[in-house]
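**Q** Structure below; questions to follow.
The values are calculated or read from the model by the stated rules, or taken from the named source; none is laboratory data. Given the structure is predicted, the values throughout are model-derived calculations rather than measurements. Cβ sites come from the backbone with ideal geometry, for glycine too, and all protein chains shown count toward neighbours.
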Amino acid sequence: MSNIQTVDVPISVIRRLEEALAELEKALPPYKPEFLARMYRARASDLEGKGKSLAGIKQQFKRK
């Protein structure tokens, strides 16, 4: 038995998030390429399944 939990997300939500990302990219000042690079690396990592779980993130912030 696996501890992996999944959530079904409607495609309309994914599309809306992609639209929001595109708008964010337009709004970001062009002199912040390191921020964009970091966000793209995080997204690529997430797509590869290397992202952190929500439980792990919550635990990380509880310690602070």
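**Q** Just the residues that are at pLDDT below 85, of a type outside the set (Gly, Ala, Ser) and exposed (fewer than 10 other Cβ atoms within 10 Å of the Cβ), please, taken from segment 1-33.
**A** Met1, Asn3, Ile4, Lys26, Pro29, Pro30, Tyr31, listed by residue number.
**Q** Mind listing whichever residues of segment 44-64 are surrounded by 10 or more Cβ atoms within 10 Å (Cβ to Cβ) and modelled with pLDDT of 85 or more?
**A** Ala44, Ser45
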